[in-house]
Amino acid sequence: MERIYIFKRFERFWHWSQALLIILMMVTGFEIHGTYTLLGYGDASELHTSAAWALIALWVFAIFWHFTTGEWRQYIPTTENLVAMLRYYLSGIFTHAPHPFRQTQLRKHNPLQRLAYLGVKLLINPLIWLSGLAYLYYNEINAAGFGLDLGVVALVHTVGAFLMLAFLVVHVYVITTGHTWSSHLEAMITGWEEIDDPQAGVKP
């Protein structure tokens, strides 16, 4: 095993802050929809809105950080090793096959991760962001003459939320697919990732 520093301090802060806010919004969002009662509708709605503004601020800051540091390049899609990664997750992982991708500071995400994260940034986040703002300012938008359908806005926001939930479930599963069940989790806490020695048959 080789130990390398992959995730910078801000990346770890951004990751865990975003995760906390998203989970908080899911918990309060499902309560707002009447799935269960924990805080009561009023408190859940207020907390949901506060978490939403905090998440938007975090996204704006993270976008700025990614572009000023050049880290946005980590999300450029690539087909290199894409089929190998699919084969690994579908079968190789269950037969202890060597991992077809080797992390470096310049290549932190494998091809499937790049596609997934790009989808979150370009589809799911804007879907939640825009529909949430439309829901929050529905009266003002309609007063300006745009004539939004509240049911459609709510449906789009809910679809975005379920897409985010699906991503979260898959993300948690993938965390456990390192050389130990907790190695990827530890890397996102400490910044240091243990990777296979490229001389041991893993393609760099």
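The values are calculated or read from the model by the stated rules, or taken from the named source; none is laboratory data. What you are looking at is a predicted structure, and each value in this text was computed from that prediction instead of being measured. With ideal geometry, Cβ positions are generated from the backbone for all residues, glycine too; neighbour counts draw on all protein chains shown.
Please count how many residues of the stretch 114-157 are touching a residue at least 40 places away in the same chain (Cβ under 8 Å), over 21 Å from Leu20 (Cβ atoms) and either among the polar types (S, T, N, Q) or touching a strand residue (DSSP E or B) at 6+ places or on another chain (Cβ under 8 Å) (or both).
Residues in the stretch 114-157 being touching a residue at least 40 places away in the same chain (Cβ under 8 Å), over 21 Å from Leu20 (Cβ atoms) and either among the polar types (S, T, N, Q) or touching a strand residue (DSSP E or B) at 6+ places or on another chain (Cβ under 8 Å) (or both): 0 in total.
Tell me, please, whether a residue that is surrounded by 12 or more Cβ atoms within 10 Å (Cβ to Cβ), of a type outside the set (Val, Ile, Thr) and not in a helix (DSSP H, G or I) can be found in the stretch 109-130.
For the stretch 109-130, residues surrounded by 12 or more Cβ atoms within 10 Å (Cβ to Cβ), of a type outside the set (Val, Ile, Thr) and not in a helix (DSSP H, G or I): present.
Could you give every pair whose Cβ atoms fall below 9 Å, whose first residue belongs to the stretch 176-192 and is assigned to a helix (DSSP H, G or I), and whose second residue is surrounded by 12 or more Cβ atoms within 10 Å (Cβ to Cβ) and among the hydroxyl-bearing types (Ser, Thr, Tyr), counting only separations of at least 6 or pairs across chains?
Within 9 Å, the pairs are His184/Thr176; His184/Thr177; Leu185/Thr176.
Being of a type in the set (S, T, N, Q) and at pLDDT 95 or above, is that true of even one residue in the stretch 84-100?
No: the stretch 84-100 contains no residue that is of a type in the set (S, T, N, Q) and at pLDDT 95 or above.
Looking only at residues in the stretch 20-79 that are within 23 Å of Leu122 (Cβ to Cβ) and charged (D, E, K, R), which one is surrounded by the fewest Cβ atoms within 10 Å (Cβ to Cβ)?
Taking the candidates together, the pick is Arg73.
Would you mind listing the helices (runs of 4 or more DSSP H) fully within the stretch 1-94 where at least 3 residues are more than 22 Å from the chain's Cα centre (by Cα)?
41-69, 82-90
For the list (1) under 24 Å from Arg87 (Cβ atoms); (2) in contact with a Leu (Cβ under 9 Å, 6 or more places away or on another chain), I need the number of the one condition that Leu123 fails.
(1)
Within the stretch 149-158, count every residue that is crowded, with 16+ Cβ neighbours inside 10 Å and more than 22 Å from the chain's Cα centre (by Cα).
Qualifying residue count, the stretch 149-158: 1.
Give the stretch 159-197 a look and list any residue that's over 24 Å from Ile93 (Cβ atoms) and over 17 Å from the mean Cα position of the chain (by Cα), or say none.
Gly191 - this is the single residue of the stretch 159-197 that is over 24 Å from Ile93 (Cβ atoms) and over 17 Å from the mean Cα position of the chain (by Cα).
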